[in-house]
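Dropping the structure in here first, questions after.
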Amino acid sequence: MDSSHPWIEQQRFTDEYATMTFDTLIRAVTEAQQMLADLDAKLEAAAQREPYATPVRHLRCFRSFDTVTALSVVAELYGFLRFESATLVWDVLHRDAHEQLEREASTGKKAA
């Protein structure tokens, strides 16, 4: 478990089944966090290579767009030229930025 919730490590239960359940859930959360960290590292590496590097670098100029968010937008858009107008691109970008802000609000973590 990451150190952002130290109180979790202080939890103790008198019931052995509660302890077993708690330990199992903590292990599941820890494994999920590690999987996400691994995926983030792979996505960060992919974003450094073309054809992704240039559009990701440009999208990172948007407030609250981290590398993974920018790479997600590039993958979702399949190229900016397929849109008939900038308004249609903005609609997609605005939706993604709004979702990122909601994630930040729910987790308390700001995008890098």
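Only one of Arg12, Arg82, Arg49, Arg63 is among the basic types (Lys, Arg) and modelled with pLDDT under 80. Can you tell me which? Let's see the steps before the verdict.
Details: Arg12 fails: modelled with pLDDT under 80; Arg49 fails: modelled with pLDDT under 80; Arg63 fails: modelled with pLDDT under 80.
Answer to the check: Arg82.
How many residues are part of a loop (DSSP other than H, G, I, E, B) and more than 14 Å from the chain's Cα centre (by Cα) when one looks only at the stretch 62-89? Show your work before the answer.
Within the stretch 62-89, the subset part of a loop (DSSP other than H, G, I, E, B) is 62-66, 78-79, 83-85.
When the remaining residues are screened for being more than 14 Å from the chain's Cα centre (by Cα), the result is 62-63, 78-79, 83-85.
Number satisfying all stated conditions: 7.
I'd like the residue in the stretch 43-61 that is part of a helix (DSSP H, G or I) and within 13 Å of Ala75 (Cβ to Cβ) and, out of all such residues, is nearest to the chain's Cα centre (by Cα).
Residues of the stretch 43-61 that are part of a helix (DSSP H, G or I), as a first pass: 43-46, 53-59.
Remaining after also requiring within 13 Å of Ala75 (Cβ to Cβ): 43, 46, 55-56, 59.
Details: Leu43: 10, Ala46: 15, Pro55: 18, Val56: 15, Leu59: 15 Å.
Top of the filtered list is Leu43.
Right, another one. Starting from residues that are of a type in the set (Lys, Arg) and under 24 Å from His94 (Cβ atoms), keep the ones in the stretch 36-68 and report whichever is surrounded by the most Cβ atoms within 10 Å (Cβ to Cβ).
At the first step, the residues of the stretch 36-68 found to be of a type in the set (Lys, Arg) are 42, 49, 57, 60, 63.
Filter once more, so that each one left must be under 24 Å from His94 (Cβ atoms): 57, 60, 63.
On the way: Arg57: 13, Arg60: 15, Arg63: 8.
Applying the filter and picking the extreme gives Arg60.
Something else now. Based on this model, can you work out whether Asp40 counts as modelled with pLDDT of 85 or more and closer than 30 Å to His5 by Cβ?
So Asp40 fits the description; yes.
The values are calculated or read from the model by the stated rules, or taken from the named source; none is laboratory data. Source: prediction; values computed, not measured. With ideal geometry, Cβ positions are generated from the backbone for all residues, glycine too; neighbour counts draw on all protein chains shown.
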